[in-house]
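This report concerns only the one structure given below.
The values are calculated or read from the model by the stated rules, or taken from the named source; none is laboratory data. Keep in mind that this is a model prediction, so the values were computed, not measured. Cβ coordinates were reconstructed from backbone atoms using ideal geometry, including for glycine residues, and neighbour counts include every protein chain displayed. We work out accessible area using only protein heavy atoms, side chains counted, and drop any ligands, DNA or RNA first. Shrake-Rupley method; radii C 1.70, N 1.55, O 1.52, S 1.80 Å.
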Amino acid sequence: TYTHVTDSEGNTILEKDTKQVRVVSEQTATILNKMLQTVVTQGTGAAANLSAIGMPAGGKTGSSTGTKLVNGVLTPVDNNNLWFVGYTPYYITGVWMGYDDNSEIYYSVYPTPKLWKNIMLPLHEGLEPKQFEENEHVIEMTYCKDSGEIAVAGCTNTAVGWYKDTVVPSNCTLHGSTQSSRYDDEDEEEDDPFDWGSFFGRDDEEEE
Ligand SMILES: [Zn+2]
C-alpha cells in the first residue's frame with residue numbers, strides 16, 4: 001500500500017488514509033531484520049553496504065526468469081527483471097531494472113544494490129547514524145548447519161542464527177547432545193556468516 005505520492009517538486013498528487021495493523025510479532029520482525037542485514041554485510045547485496053556513513057542497512061536482491069518473442073517464437077530469458085529492496089532506520093527504497101521488451105539484463109556485477117546505494121547515500125546526508133530497534137527477547141546463537149540444532153563443541157559446520165528466547169532449538173544431537181551449547185558472543189558473527197541457502201533449504205538464484 002502507500003500513504004502518499006509526491007511529484008518531483010514535492011507536491012502531493014495521491015493520498016490515502018491508512019490504518020496500521022501489526023501482522024508479525026516484534027521478535028519475528030527483529031529476527032527477519034537481522035537476517036536481511038546479513039544480505040548487505042556479507043551476502044548478495046554487499047554493494048549496498050552503507051558502513052561508510054555508519055548506517056545499518058538490510059535488504060534483499062531479486063531476479064526473475066521470463067519469456068520474450070524472438071522472431072515470433074516465445075523464448076525463455078533469464079534476468080529480465082532485477083530488484084533490490086533495502087532499508088535503513090530512516091528510509092526504505094526499492095530499485096527495479098528491466099527492459100520494456102523483456103530482454104535479458106547482462107551484467108558483470110549485480111547492479112541493483114549499487115544503484116540503491118547511489119540513491120541512499122545522498123538521501124542520508126546530514127542524518128545521524130542510528131541502530132534498528134530490537135526486541136529484547138531475541139537471542140543470537142551459533143547453530144549446526146548439519147542438524148539445524150544449536151551447535152555444541154563437536155560441530156564443525158556452523159553459522160549464527162537468531163531465536164525467540166522461548167523457542168530455542170535443542171542442542172545438536174548429531175555431534176553430541178550431552179555437551180552444553182555454545183552461546184555466541186557478538187564478534188563471532190563475522191567469521192560465521194548466516195547461511196541463506198541452508199536456511200531456505202535451496203540455493204539462491206541470484207548471482208553475486
Ligand atoms: Zn552438529
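So in region 17-31, with the set limited to residues that are open to solvent by less than 90 Å² (accessible area, probe 1.4 Å) and within 19 Å of the chain's Cα centre (by Cα), which one is farthest from Tyr163 (Cα to Cα)?
Val24
Hey, can you tell me all the residues within region 103-125 that are outside any helix (DSSP H, G or I) and open to solvent by less than 70 Å² (accessible area, probe 1.4 Å)? Write out each step before concluding.
Just the residues of region 103-125 that are outside any helix (DSSP H, G or I), to begin with: 103-110, 124-125.
Matches in region 103-125: Ser103, Glu104, Ile105, Tyr107, Tyr110, His124.
Here is a list of conditions, (1) surrounded by 15 or more Cβ atoms within 10 Å (Cβ to Cβ); (2) more than 9 Å from the ligand (Cβ to nearest atom); (3) over 20 Å from Tyr87 (Cα atoms), and Asn171 meets all of them except one; can you say which number that is?
(2)
If only one of Leu50, Leu14 is under 26 Å from Gly161 (Cα atoms) and modelled with pLDDT of 90 or more, which one is it?
Among Leu50, Leu14, only Leu50 is under 26 Å from Gly161 (Cα atoms) and modelled with pLDDT of 90 or more.
Any residue in region 47-71 that is farther than 30 Å from Glu125 by Cβ and assigned by TED's automatic domain parsing to the domain that holds Ile92 sitting within a Cβ distance under 8 Å of a residue that is surrounded by fewer than 18 Cβ atoms within 10 Å (Cβ to Cβ) and among the hydroxyl-bearing types (Ser, Thr, Tyr)? List the pairs, counting only those 6 or more apart or interchain.
The qualifying pairs are Thr67/Thr75; Lys68/Thr75; Lys68/Ser103; Leu69/Thr75.
Is it the case, given these coordinates, that Val77 is among the hydrophobic types (A, V, I, L, M, F, W, C), farther than 30 Å from Ala159 by Cβ, out of contact with any His (no Cβ under 6 Å at 6 or more places or on another chain) and open to solvent by less than 50 Å² (accessible area, probe 1.4 Å)?
Taking the combined requirement at face value, the residue satisfies it.
How many residues are closer than 19 Å to Gly62 by Cα and of a type in the set (Lys, Arg) when one looks only at region 16-50?
1
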